[in-house]
Structure formats: structure tokens, C-alpha cells
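Undergrad: Attaching a single structure in C-alpha cells format; questions to follow.
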Amino acid sequence: MEGSLWSHLPLLLRSNLDSVEYILQALWRTRKTGLDAADRHIILQMLELQNDSDLDPVPNQNSSLLKSPINLLVCLRMLIRRCVYENVNGDEIQKLFPGEVLPELQRLLTLLLQKFHREWREDAFRDQSETSNGHLSQDANVV
């Protein structure tokens, strides 16, 4: 992950452990659908942000999406996915962070990613099983 991706992580310092936990849980819970307006509003309040554009890069007339800074939620989703789908756990989680990420943020995120690792891996396995079963039942109906 490139440097600009990590530049939004210090926003998490505006909130407490419970808030960061809520944000990670909300991102995992909405991994298939994306955050709804209510979750986005709660996260904005937790991070003391004024509007949605503080969470997401929104292209305007003078910039493109590619030139916009990568946002906090994308960064957190990528961390979650790497931990879950690449089975990164324990001390390996800290190796995901470049040196530019503050040590207290590394510790906080590592703690929470470890806390939910097993639960999220089970969810991912269940998702994969449901997808596989869905394909099998569709194939059976074709015959």
C-alpha cells in the first residue's frame, strides 16, 4: 500500500478505542454492501469530521479520483481484507504498517484486528461456503 493510503490513519486518534472498534466492525459488517447513510453519519461524528468528503475522495472539476487522496475507509478495509483473506494474524499484522504509521496507531489497529481475526475468518469461510453451495445448486437446476 502506498504512502498516501496511510496518511488518513491519524484521523483515528480523534476517537476512542470503542469508536475505532465500531468503525472496523461496521466496515466488516458492510463488506458486501458498503456503509449506509446511518453508519457513515455515526463514523463522521466519531471522527469529528464535518462532511462525507472527509471520508471519501470525491472528484471535483479540478481533480480526478486518481489524484484525490486515498481515504481512511479504503485503508481500513484493505487492512481488514489482508488480515482475513491472507490470514495475517498476531505479530504479522504489525508488518503490514510502514514506518510512517504512528506506533500508537499500529498498536491500536493490531489489537483490534487480532481481536476480530477469528470471527471474521469464520464469516469469510461461511461466505465462501455459501457461494460455493449457491453455484452447486444453480448447476443442479440447469440439469
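Undergrad: Mind giving me the FRET efficiency for SER7 and ASP36? R0 is 22 Å, r the Cβ-Cβ distance, nearest 0.05 is fine. All intermediate terms of the calculation are to be shown ahead of the outcome.
TA: Working: r = 26 Å, r/R0 = 1.18.
Efficiency for this residue pair is about 0.25.
Undergrad: Now for a different question. Full-extension gain between ALA124 and LEU111, please, as 0.36 nm times their residue separation minus the C-alpha to C-alpha distance. Walk me through the intermediate numbers first.
TA: On the way: separation 13, 0.36 × 13 = 4.68 nm, distance 1.98 nm.
Result for the pair: 2.7 nm of gain on full extension.
Every number here is computed from the coordinates shown, using simple stated rules; none is lab data. Please read these numbers as outputs of a predicted model, since none were measured by experiment. Cβ coordinates were reconstructed from backbone atoms using ideal geometry, including for glycine residues, and neighbour counts include every protein chain displayed.
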